Amino acid sequence: MFKRFRVLVLFFALLLLPLGLFLHINHNTAALAEQDEIPISIETRPMRLVSGMSADQQRCSITLKVPAAVQSLTLILDNAGPVQVWVNDQLIYLSSSQDPYQRIQFVRLPQADGTLTLSLAPSELQRNDAVSTSQPYSPPGMLLAGPQAALSASHVAFGITMFYAGFYLLLMMSSLTLFQKKKEETYLLLLAAASLVSLLRVLVLSAFPLFPLSYAQCSLIMPGIFLMTTLCQLLIIMMLLKPAIPARLQAMLTPRILATGFVIMLLLQYITPEGVETLIRILAVIPLLILFVRADQRHLSGTFPLVCGYAVWESILFFYYLIYNRGAMQAGELMIVYMLPQFGFLFFMMMAALVINRKFAAKFDESESLNRELEQMNANLDRLVDERTQQLQKEQVQKQRMKIGRAH
């Protein structure tokens, strides 16, 4: 029984264990709450801020005690959108003044004398204006750091961004090169498309975008990119495990049907307020688990790496949902500096690339085996030809001797 459903055990283990690890790391990240004193260690280590919401749910704020030894502070914001920052009732920062090549916002705070009251609000609201919306303000991820820690966080985020961009670029080029040689392997084209979408996401929406866009433009393209990422992931799994899909369903997976479904879902993603990407991911869980079980029962190569990649990605997405969509906790370095959500899909792509490499390695081994068999057959054929030639020569010599004997 365990062997039959071991894929399910692996999936839920890799879904829950990373999630618990991420929650543990985030929870144990040093934090500052209301009326806490800022420690000296903030010079070398960022600390997350546990802010409170105002009565009208349109501002988040926190008051901290600043010792004399702390000279300078930097506020690090992630997923902030249009935002204004207030320090001790003075407006010090508007999102329009940020560097367009940095999605993570680094806000230098003025030196405070004893007490620091930090407040954030959407930039559309002005101080003391009446609240014009009933939607509560969703606070961004916030870290407070000294100059050295802020500079280190900037370098780490930049390095991770460049790593993601390089990985997706190389994977896309590798997939297209292989597809050019083996055009019947359509999953290579899917992997290249997924790499291109992910590369676009890094170049436009990452911490250090190469092509900076306004917040409105990012909000416009983000739903489409998220949907394409999810659809590419699902199609890659289905194509790599295609023998485990029932024949009737395989007949429906034609390029025309897939393209039509993709266009329809893309339109729905923009028409519906919340989009359909999350709904697709939720509805796809049960069919994918059934597919994984069928693939394992058929002993298809690559089943376990794909299960690992899919489970870890879903675990990271759930962690992201807890922090930003439900506000269950404040984001720490793991989310803001190390860009954990992007790592989830990268890990899945690594597993898919591993499966594809195994497939090509198996085909290469098969080709090498066939070549060895052909060489052996050719060697045997050459030996048979030589033996037959020698036999014919002997027969010819005997015939010549017999003719000579008869002549005498």
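The values are calculated or read from the model by the stated rules, or taken from the named source; none is laboratory data. Not measured: the values here are computed from a predicted model. For neighbour counting, all protein chains shown are included, and Cβ atoms are generated from backbone atoms with ideal geometry for every residue, glycine included. Areas reflect the complete protein model, heavy atoms only, side chains present, ligands, DNA and RNA absent. Shrake-Rupley method; radii C 1.70, N 1.55, O 1.52, S 1.80 Å.
Brief remarks on what is shown
- Filter result for MET377 (in contact (Cβ under 8 Å) with a residue 60 or more places away in the chain and either at negative phi or open to solvent by less than 30 Å² (accessible area, probe 1.4 Å) (or both)): no
- The listed residues are PHE5, PHE11, and the only one of them that is under 30 Å from PHE292 (Cα atoms) and surrounded by 17 or more Cβ atoms within 10 Å (Cβ to Cβ) turns out to be PHE11.
- Every pair of residues 6+ apart whose Cβ atoms lie under 6 Å, when the first sits in region 276-304 and is at negative phi while the second is open to solvent by less than 40 Å² (accessible area, probe 1.4 Å) and hydroxyl-bearing (Ser, Thr, Tyr): GLU277/THR230; ILE280/THR230; ARG281/THR230; ALA295/THR303; ASP296/THR303
- Set side by side, the residues LEU8, LEU73 differ, and just one is touching a helix residue (DSSP H, G or I) at 6+ places or on another chain (Cβ under 8 Å), more than 24 Å from SER154 (Cα to Cα), at pLDDT 85 or above and of a type outside the set (Lys, Arg), which is LEU8.
- Residue match in region 209-220 (condition: at pLDDT 90 or above, in contact with a Phe, Trp or Tyr (Cβ under 9 Å, 6 or more places away or on another chain) and open to solvent by 20 Å² or more (accessible area, probe 1.4 Å)): no
- Residues in region 204-238 that are β-branched (Val, Ile, Thr) and more than 23 Å from ALA153 (Cβ to Cβ): ILE221, ILE225, THR229, THR230, ILE236, ILE237.
- Positions within region 221-244 being among the β-branched types (Val, Ile, Thr) and open to solvent by less than 10 Å² (accessible area, probe 1.4 Å), in sequence order: ILE225, THR229, THR230, ILE236, ILE237
Matching residues to (1) of a type in the set (Val, Ile, Thr); (2) surrounded by fewer than 17 Cβ atoms within 10 Å (Cβ to Cβ); (3) under 29 Å from GLU333 (Cα atoms); (4) in contact with a Gly (Cβ under 7 Å, 6 or more places away or on another chain):
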residue	(1), (2), (3), (4)
PRO147	no, yes, yes, no
SER152	no, yes, yes, no
ALA165	no, no, yes, no
TYR168	no, no, yes, no
MET172	no, no, no, no
LYS181	no, yes, no, no
TYR187	no, no, no, no
LEU191	no, no, no, no
ALA194	no, no, yes, no
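- Odd one out for ILE282, checked against (1) of a type outside the set (S, T, N, Q); (2) open to solvent by 20 Å² or more (accessible area, probe 1.4 Å); (3) not in a helix (DSSP H, G or I): (3)
- Assessment of region 313-322 against the conditions (within 30 Å of LEU77 (Cβ to Cβ), assigned to a loop (DSSP other than H, G, I, E, B) and open to solvent by 90 Å² or more (accessible area, probe 1.4 Å)) yields no matching residue.
- Residue within region 93-109 that is more than 32 Å from the chain's Cα centre (by Cα) and modelled with pLDDT of 90 or more present: yes
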